[in-house]
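> Could you have a look at this structure, given as structure tokens, before my questions?
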Amino acid sequence: MKAKLASYQKQFLGTIALIIILLTNTNAQLVANFSANATTGCAPVLVKFQDASAGNPTSWKWDLGNGTISYQQNPSVTYFTPGTYTIKLIVENSNEQDSVIKTSFITIFGSPTVHFSADKTNGCYPLHVNFTDLTNTNGDSITSWLWDFNDGNISSSQNPSHTFSQQGEFDIKLSVTTINGCMSVVEKSKFITTDSSLLGGFNYTILSTNCSAPTSVQFNNTSTGSGVLNYQWSFGDGATSNDKNPLHNYTSAGSYTVTLVVSNNMGCTDTIVKNNIVNIGTVQANFTIPDSICVGVKLDLFNTSTPATISCNWSFGNGITSTQTNPSITYNTVGIYTIKLVNNFGACFDSLENTIKVVAKPTANFSTINTLSCSLPLDVQFTNNSMGGDTYQWNFGNGNTSTLQNPTHSFTSFGIYNVSLLVTATNGCSDKIQIDSLIKLIPVKITNIGFTPTEGCVPLTVNMQPTLNTSDSSIQYEWNFGDSTFSTEKNPTHIYTKAGVYTVQLKIINANGCFDSLIINNAVRVGDKPNANFSATPREGCTTTGIQFTDSSTNALIDKWKWSFGDGKGSTMQNPLTTFQDTGWFNVRLIVWSNGCSDTMVKANYIHILPPMANFVFDANNCNEKLKVVFTDSSKGAESYKWYFGDGDSSTLANPVHIYAKGGTYQVILIVYNGECSHSKIRTVTVDDKRGELILSDTVICRN
């Protein structure tokens with residue numbers, strides 16, 4: 001026993017020694033791996049690599065894909081050129097070597113090279129500039145542009161247009177972003193320069209004291225602006241000058257337009273044109289007027305002087321003056337007036353006087369009585385109260401006229417008419433008066449009576465409101481409510497205290513004696529409260545059983561019924577006979593009316609309809625078995641079945657499949673049974689046994 005134990009101890013110690021030797025001589029496996037702080041970016045990109053190898057390497061060799069070799073454990077490198085880079089790492093220790101290659105591990109996107117131009121870079125403000133983007137995308141598409149014009153305005157257009165409205169020097173900045181998010185910016189200092197605008201101007205002095213040629217004119221330049229100013233004069237007679245303040249001699253009679261163009265060294269210009277400012281030669285003031293005019297009538301004056309006047313002054317002989325070229329004047333007093341025109345043609349003047357006679361005009365006026373009526377015809381006598389008239393023209397507003405001094409006119413149609421009178425004197429002066437809505441021929445009429453409500457139970461309160469064709473406040477009302485009671489209110493409220501059907505009458509009359517009446521037959525229906533009740537025979541049956549309902553309501557003369565049987569059907573008969581469209585228990589409701597007064601009776605679970613209720617669906621025209629029809633029962637409460645397929649065949653299955661001998665339309669009947677009750681359903685089934693047919697011809701079709 002001791003010897004065997006010693007043997008076991010020896011074997012155990014040997015095993016332990018072997019395990020210790022194996023553990024001592026076995027190192028972890030070397031596996032190359034790495035990571036980077038960035039794998040994509042816009043050039044230039046600084047990438048820091050991190051050794052992540054297992055197995056305790058002691059040396060490293062990196063190929064960073066851009067020609068750079070590194071022996072550091074964690075190298076860094078900057079990528080300047082867009083593209084994709086494959087990274088290789090070799091690691092070693094004293095026992096082994098391993099490597100890893102990561103293809104296209106680094107992706108560098110190219111940043112755009114921003115550049116732009118403009119169609120102009122200097123000029124007078126407002127300066128409109130068109131900018132053009134000239135950016136080199138370096139292979140990537142651009143997704144956004146941002147322009148800063150340095151005047152408080154920006155733009156996101158690729159090629160914007162911008163107007164600089166201030167004087168100054170403007171730095172222009174353009175930021176461009178690619179689809180990969182790479183952005184570049186360029187700023188051009190003082191790229192746009194604007195100068196202040198010019199403002200041209202001048203005045204002149206005619207040096208001679210007469211209006212005949214030759215005549216000298218001194219021009220005085222009042223232009224303003226920055227920079228070196230240049231001047232180009234055109235005197236209207238073919239002569240020009242570049243002097244600032246030229247003296248020009250006109251040698252021929254005429255009317256001359258003078259033009260001055262001012263420019264500066266920035267390219268700014270302004271042009272001033274003064275039409276017909278210099279007038280040399282014979283001048284003549286002129287205007288024409290009639291011999292006479294009616295008092296109170298506006299006189300329009302037209303200055304027809306030659307040449308066209310520079311300025312003028314009118315006096316009208318009544319203390320009123322004007323400096324308008326073509327003024328107007330109204331004389332309000334009879335008399336003879338002298339009108340004088342003085343024209344200024346530069347240094348030359350001319351005047352003209354004409355006289356005009358202002359004559360009296362008549363005063364139109366008339367009166368009448370009996371201008372309101374509600375009946376036809378209406379004869380109206382008109383009295384002419386005009387002064388100074390010789391002839392008269394009446395217009396009665398209905399298409400009829402008269403030239404009598406005091407006419408009588410008969411109005412034969414209802415309406416509202418404007419009447420006018422035109423009075424003319426022997427001197428041609430006239431006056432007109434018109435009185436709007438003078439004649440009013442309006443019938444008094446009741447167009448409707450509103451009742452709220454029109455029916456109900458005793459006692460019933462009814463509000464009555466008439467509708468008239470007039471708002472005449474003098475109208476009086478006479479109501480007869482049909483129950484021997486009356487009212488003179490406009491909108492009365494009446495209480496009916498007895499059952500019945502009432503006819504209501506309204507009469508109206510106004511201060512002129514115009515009247516109308518309206519009778520509304522059966523206007524209000526008032527009933528005693530009924531007591532609704534009913535019975536049915538039988539109260540239980542099949543879906544085919546006719547149920548007879550009998551009205552047994554009391555307490556009133558009932559004139560209207562409304563039944564609801566609980567299965568979606570109803571009736572307005574007094575004693576209806578019906579069958580039910582479903583099985584189960586049904587609530588029945590009856591509403592009865594007596595002259596609009598109603599009562600309701602509802603009996604819950606009053607009718608019981610026993611099953612079955614037949615119904616089915618079918619699936620026909622299967623493409624592979626066109627004569628086969630699958631029937632599916634959807635009946636309620638069926639215990640047995642009888643199918644008739646319309647071709648002489650039948651079945652007692654619940655869900656039969658039937659194959660027809662030929663196509664056609666068939667009336668399929670399903671009868672279902674449950675105890676003593678049965679019910680049937682008929683549906684039309686169409687079986688189509690036609691098949692598609694492809695017919696080919698030998699027709700030749702040419703390509704294209």
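> State all residues of region 573-617 that are in a strand (DSSP E or B), closer than 30 Å to T665 by Cβ and touching a Lys or Arg at 6+ places or on another chain (Cβ under 7 Å); if no residue qualifies, say none.
M613, F616
> Now, a different point. Here is a check on your reading of the model: is T543 outside any loop (DSSP other than H, G, I, E, B) and in contact with a strand residue (DSSP E or B) (Cβ under 7 Å, 6 or more places away or on another chain)?
Against the criterion (outside any loop (DSSP other than H, G, I, E, B) and in contact with a strand residue (DSSP E or B) (Cβ under 7 Å, 6 or more places away or on another chain)), T543 does not qualify.
> Within the group Y477, Y502, which residue is touching a Lys or Arg at 6+ places or on another chain (Cβ under 6 Å), at pLDDT 95 or above, surrounded by 14 or more Cβ atoms within 10 Å (Cβ to Cβ) and not charged (D, E, K, R)?
Only one candidate qualifies: Y477.
> Here is a follow-up. Within region 617-636, take every residue that is within 55 Å of the chain's Cα centre (by Cα) and closer than 15 Å to G646 by Cα and give me the one that is surrounded by the fewest Cβ atoms within 10 Å (Cβ to Cβ).
That would be F618.
> If you don't mind, there's one more thing I want to ask. Scan region 267-275 and tell me whether some residue there is in the same structural domain as N332 (by TED's automatic domain parsing), of a type in the set (G, A, S) and out of contact with any His (no Cβ under 9 Å at 6 or more places or on another chain).
no
> Which ones in region 60-91 are in a loop (DSSP other than H, G, I, E, B), surrounded by 12 or more Cβ atoms within 10 Å (Cβ to Cβ) and in contact (Cβ under 8 Å) with a residue 12 or more places away in the chain?
L64, G65, N66, Q73, N74, P75, P82
> Still on this structure: Can you pull out every residue in region 557-598 that is farther than 15 Å from E540 by Cβ, polar (S, T, N, Q), touching a residue at least 24 places away in the same chain (Cβ under 8 Å) and buried (at least 16 other Cβ atoms within 10 Å of the Cβ)?
Of everything in region 557-598, those that are farther than 15 Å from E540 by Cβ, polar (S, T, N, Q), touching a residue at least 24 places away in the same chain (Cβ under 8 Å) and buried (at least 16 other Cβ atoms within 10 Å of the Cβ) turn out to be S564, S594, N595, S598.
> Restricting to region 626-650, name every residue that is in contact with a His (Cβ under 8 Å, 6 or more places away or on another chain), more than 22 Å from N674 (Cβ to Cβ) and in a strand (DSSP E or B).
Correct list: K628, V629.
> When the residues of region 245-275 are narrowed to those that are aliphatic (A, V, I, L, M) and not in a loop (DSSP other than H, G, I, E, B), which ends up farthest from the chain's Cα centre (by Cα)?
It comes out as L247.
> Still on this structure, I have one more. Please determine whether any residue of region 666-678 is surrounded by 14 or more Cβ atoms within 10 Å (Cβ to Cβ) and either under 56 Å from the mean Cα position of the chain (by Cα) or farther than 22 Å from T543 by Cβ (or both).
Yes, region 666-678 has at least one match.
> Moving on to the next point. Would you pick out the residues in region 203-244 that are surrounded by fewer than 20 Cβ atoms within 10 Å (Cβ to Cβ), assigned to a strand (DSSP E or B) and in contact (Cβ under 8 Å) with a residue 60 or more places away in the chain?
Within region 203-244, just Y204 meets the criteria.
> Considering each of G541, G527 in turn, give the residue that is in contact with an Asp or Glu (Cβ under 9 Å, 6 or more places away or on another chain) and surrounded by 14 or more Cβ atoms within 10 Å (Cβ to Cβ).
Only one candidate qualifies: G527.
> Tell me which residues, restricted to region 325-382, are closer than 30 Å to G513 by Cα, among the polar types (S, T, N, Q) and under 56 Å from the mean Cα position of the chain (by Cα).
S367, T368, N370, T371, S373, S375
> Follow-up question, since we're still on this one. Would you confirm, using the coordinates I've provided, whether T132 is without any contact (Cβ under 8 Å) to a residue 40 or more places away in the chain, in a strand (DSSP E or B) and either hydrophobic (A, V, I, L, M, F, W, C) or touching a strand residue (DSSP E or B) at 6+ places or on another chain (Cβ under 9 Å) (or both)?
Against the criterion (without any contact (Cβ under 8 Å) to a residue 40 or more places away in the chain, in a strand (DSSP E or B) and either hydrophobic (A, V, I, L, M, F, W, C) or touching a strand residue (DSSP E or B) at 6+ places or on another chain (Cβ under 9 Å) (or both)), T132 qualifies.
> Which of the residues spanning region 89-127 are hydrophobic (A, V, I, L, M, F, W, C) and either more than 30 Å from I192 (Cα to Cα) or more than 51 Å from the chain's Cα centre (by Cα) (or both)?
L89, I90, V91, V100, I101, F105, I106, I108, F109
> Sticking with this one: Does region 462-483 hold any residues that are assigned to a strand (DSSP E or B) and closer than 18 Å to N521 by Cα, and which are they?
Matches in region 462-483: V462, N463, M464, Q465, P466, T467, E478, W479, N480.
> Touching a residue at least 24 places away in the same chain (Cβ under 8 Å), under 30 Å from V657 (Cα atoms) and surrounded by fewer than 20 Cβ atoms within 10 Å (Cβ to Cβ): is that true of L610 in this structure?
yes
> On to the next question. For region 45-54, which positions are assigned to a loop (DSSP other than H, G, I, E, B) and surrounded by fewer than 17 Cβ atoms within 10 Å (Cβ to Cβ)?
A52, the sole residue that qualifies.
> Hey, can you tell me all the residues within region 484-514 that are assigned to a strand (DSSP E or B), over 28 Å from F414 (Cα atoms) and polar (S, T, N, Q)?
Across region 484-514, the qualifying residues are S487, T493, T503.
> Please state which of the following conditions G428 fails to meet, knowing it meets all the rest: (1) on the phi > 0 side of the Ramachandran plot; (2) touching a residue at least 60 places away in the same chain (Cβ under 8 Å); (3) under 52 Å from the mean Cα position of the chain (by Cα).
The single condition G428 does not satisfy is (3).
> Kindly check whether there is at least one residue in region 153-174 that is surrounded by fewer than 17 Cβ atoms within 10 Å (Cβ to Cβ), hydrophobic (A, V, I, L, M, F, W, C) and not in a loop (DSSP other than H, G, I, E, B).
Within region 153-174, one or more residues are surrounded by fewer than 17 Cβ atoms within 10 Å (Cβ to Cβ), hydrophobic (A, V, I, L, M, F, W, C) and not in a loop (DSSP other than H, G, I, E, B).
> Counting only residues that are in contact (Cβ under 8 Å) with a residue 60 or more places away in the chain and over 55 Å from the mean Cα position of the chain (by Cα), which one in region 30-59 is farthest from P112 (Cα to Cα)?
Only one residue tops the list, namely L30.
> If you scan region 328-366, which residues turn out to be in contact (Cβ under 8 Å) with a residue 60 or more places away in the chain and on the phi > 0 side of the Ramachandran plot?
Residue satisfying the conditions is G346 alone.
> Could I ask something else about it? Show me the strands (runs of 3 or more DSSP E) found entirely inside region 361-454 where at least 3 residues are surrounded by 13 or more Cβ atoms within 10 Å (Cβ to Cβ).
Qualifying strands (runs of 3 or more DSSP E): 378-384, 391-395, 415-424, 430-441, 446-452.
> Would you please name the residue that is nearest to L627 (Cα to Cα), looking only at residues in region 682-698 that are at pLDDT below 95 and of a type in the set (K, R)?
Checked region 682-698; the qualifying residue nearest to L627 (Cα to Cα) is K690.
The values are calculated or read from the model by the stated rules, or taken from the named source; none is laboratory data. On a predicted model such as this, the values are computed, not experimentally measured, just so you know. In this analysis, Cβ positions are derived from the backbone assuming ideal geometry, glycine residues included, and neighbour counts consider all displayed protein chains.
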